[in-house]
Amino acid sequence: MAKWPVEIPSEWWKAPDYTITDGCFAPAPGAKSHSYDPMEIYWQSAQERSRGSRRVEAPYAELIRLMYECRWEPSREGQVLTRDSQELLLGWVRSHGLLGVLPHITLRVLGRYGREGEAEESCTGPVVILWAGDVYTRDRASADLNIIPWGRIRSVTAQVQELRAEEITARPWSDVARPFFAQPRKRGVDYPLPEKDEFWRVYREPIDRFWEAANTLRSVFEDLSRWGE
């Protein structure tokens, strides 16, 4: 019998506890994120099914099941998830971490260097890749890089492809990242980039963005299920 490829490396980040803050799923105060293998329980589930024994629910299957149990209620902003439904999803987040909506929709983050006193809109310095969705991109530079005599990074732009969207747009990184963080940093790039440990310590997901991403996953799962098991 073929061995299940449990040795395939995978890595994700999660905090030991999460809470609901400002309409977001966020790491609990003082919680320190750590890396873990999100595929481990998936392979365990596949092995159990192959033996016909006790089934272990894969994380994505559990999330989709919980979504069917969620309920909505009216509010000034329109229909919103009930508090009980939010708590239901929060339980999943506590076990598996956030979905990673921001790094998923962000293709690249570009920085333009400028001289001291030079306004962002008139920066003439070189453009460098601060972060790219492909972690193996070799020409990605550190956000802390300084190029003499250009000074420091003064303009940061993100190339973004929103969920279910075909077009790629370019927007200021601060505008793209703002909903996912409590407050910007006081110096350097306004918000941390996904390659930094700091990103996962403070990264949070608005519940509506979390639901949008989970609903996209559910739609794909349902489409695939129509073609067979």
Inset, instruction - Enumerate the residues in region 195-213 having an amide nitrogen under 14 Å from the point lying 7 Å beyond the Cα of R83 toward its Cβ. - result: none
Legend entry - D (Stokes-Einstein, µm²/s), Kirkwood Cα radius, region 185-227, 0.890 mPa s at 25 °C: 190 µm²/s
Legend entry - Projected label distance in nm at A170 and V220, using a 7 Å step from Cα toward the beta-carbon: 2.7 nm
Inset, instruction - Give me R209, R171 ranked fewest to most by other Cβ atoms within 10 Å of their Cβ, as a rough exposure proxy. - result: R171, R209
Inset, instruction - Please order Y36, Y113, Y68 by the number of other Cβ within 10 Å, starting at the fewest. - result: Y68, Y36, Y113
Legend entry - Neighbour-count order for F210, F180, fewest beta carbons within 10 angstrom listed first: F180, F210
Inset, instruction - Quote the FRET efficiency, to the nearest 0.05, computed for Q161 versus R51 with a Förster distance R0 of 30 Å and r equal to the Cβ-Cβ distance. - result: 0.15
Inset, instruction - Evaluate the charge dipole of region 12-97 about its Cα centre and quote only its size in Debye, nearest 20, assuming +1 on the Cβ of each Lys and Arg and -1 on the Cβ of each Asp and Glu. - result: 240 debye
Legend entry - Quarter of the Cα convex hull surface for region 12-97, i.e. its orientation-mean projected area (nm²): 6.6 nm²
Legend entry - Net length gained if the chain between I41 and D208 were fully extended (0.36 nm per residue, minus Cα distance): 57.5 nm
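Any read-out appearing in this document is the output of simple, stated calculations on the displayed coordinates, not a laboratory observation. Since we're looking at a predicted model, the values are computed, not measured. Here Cβ is always computed from backbone atoms with ideal geometry, including for glycine, and neighbour counts include all displayed protein chains.
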